[in-house]
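Below: the structure, in structure tokens.
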Amino acid sequence: MAAVDDLQFEEFGDVATSLAANPDATTINIEGPGETPKRLGPPRGSGREEDDELLGNDDSDKTELLAGQKKSSPFWTFEYYQTFFDVDTYQVFDRIKGSLLPIPGKNFVRLYIRSNPDLYGPFWICATLVFAIAISGNLSNFLIHLGEKTYHYVPEFRKVSIAATIIYAYAWLVPFALWGFLLWRNSKVMNIVSYSFLEIVCVYGYSLFIYIPTAILWIIPQKAVRWILVMMALGISGSVLAMTFWPAVREDNRRVALATIVTIVLLHTLLSVGCLAYFFDAPELDHLPTTAVVPNQTVVAAKSS
């Protein structure tokens, strides 16, 4: 049977002395149950870490669970769609700022959208852009022909409906097609990053904000200035889209990934150049006809006879 002295704790006083003599000595630290163990291993790259979060680690799983709890109402109820507009002013301004100042190497969805994707910002950005393009197009046409005696200004209200059709079709149909393509590629490649349809719509909506001040500045009747403005806006908004969707296709086939990004940028370029060419550079024929008084002269001559 063990003696009482053998069952007592014994302090080893030579530990501090041995550490002072040999700083490279290995020690074992037994942490308490409430302390979190430190991760060992080489640091991971920021880009891959972002991709892992987008692929679905513990944090993103918690976000998805919270999003699922938040949008648990049936889709035919008003409460279900009300959640898409549940966003405060600070979040909207923060996302607008992020779309105007894209950070290289940072994912727009991860930084601004994934915690609470919304439709409030994209909807009103598209609505404001529609009226900005239509009104600026009419004012540009008026300023170009100002001072011409044969010019008669007629407001073109049809530009509002045309601009609304173009902007909203682009902001909804292109994200829907991209979402379907990413789902299809996700079934082919297991490690591909997945985005929800709402997140893609949110990215496209906020990326269009730069075109609101650009459309207002398009009133300046100088083609060189207009094309410089459209290239600047295209560079900012296009970089937001490219940096956001590149992680979604980076693990795919190289040709498929490059073709996807090029297609996204080309469609965005087509929207920008198309709006500039149709609403601002299109030839206008609103001059008064020179033979408008001929019928009245004929009637007067018939009465006199």
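List of remarks:
- Single unsatisfied condition, Pro247 versus (1) crowded, with 20+ Cβ neighbours inside 10 Å; (2) outside any helix (DSSP H, G or I): (2)
- Residue identified as open to solvent by 40 Å² or more (accessible area, probe 1.4 Å) and under 16 Å from the mean Cα position of the chain (by Cα) among Ser196, Ser207, Ser239, Ser187: Ser196
- Top-ranked residue of the range 221-230 - restricted to ones that are more than 17 Å from Leu129 (Cα to Cα) and free of Cβ contacts under 8 Å to residues at least 24 places away in the same chain, ranked as surrounded by the fewest Cβ atoms within 10 Å (Cβ to Cβ): Ala224
- Matching residues, the range 120-145, being among the aliphatic types (A, V, I, L, M), farther than 22 Å from Leu100 by Cβ and open to solvent by less than 30 Å² (accessible area, probe 1.4 Å): Ala134
- Odd one out for Gly274 among (1) modelled with pLDDT of 90 or more; (2) within 21 Å of Phe108 (Cα to Cα); (3) among the small types (Gly, Ala, Ser): (2)
- Taking the criterion of being without any contact (Cβ under 8 Å) to a residue 24 or more places away in the chain and small (Gly, Ala, Ser), the residues of the range 131-189 that qualify are Gly147, Ser161, Ala169, Ala177, Gly180, Ser187.
- Index of the failed condition, Thr63 passing every other in (1) modelled with pLDDT under 75; (2) of a type in the set (Ser, Thr, Tyr); (3) not in a helix (DSSP H, G or I): (3)
- Tyr120, sole failed condition from (1) farther than 21 Å from Met243 by Cα; (2) in contact (Cβ under 8 Å) with a residue 60 or more places away in the chain; (3) not aliphatic (A, V, I, L, M): (2)
- Search result, residues across the range 90-119 that are closer than 22 Å to Thr214 by Cβ, open to solvent by 30 Å² or more (accessible area, probe 1.4 Å) and either touching a Cys at 6+ places or on another chain (Cβ under 7 Å) or hydroxyl-bearing (Ser, Thr, Tyr) (or both): Tyr112
- Residue in the range 261-270 that is open to solvent by 60 Å² or more (accessible area, probe 1.4 Å), over 23 Å from Asp118 (Cα atoms), modelled with pLDDT of 90 or more and hydroxyl-bearing (Ser, Thr, Tyr) present: yes
- Selection count where residues are of a type outside the set (A, V, I, L, M), exposed (fewer than 15 other Cβ atoms within 10 Å of the Cβ) and either within 15 Å of the chain's Cα centre (by Cα) or in a helix (DSSP H, G or I) (or both), scope the range 146-184: 6
The values are calculated or read from the model by the stated rules, or taken from the named source; none is laboratory data. If you're wondering where the values come from, they're calculated on a predicted model, not measured in any experiment. Backbone-built Cβ (ideal geometry, glycine too); neighbour counts: all protein chains shown. Accessible surface is based on the protein model in full, side chains and every heavy atom, while ligands, DNA and RNA are left aside. Shrake-Rupley method; radii C 1.70, N 1.55, O 1.52, S 1.80 Å.
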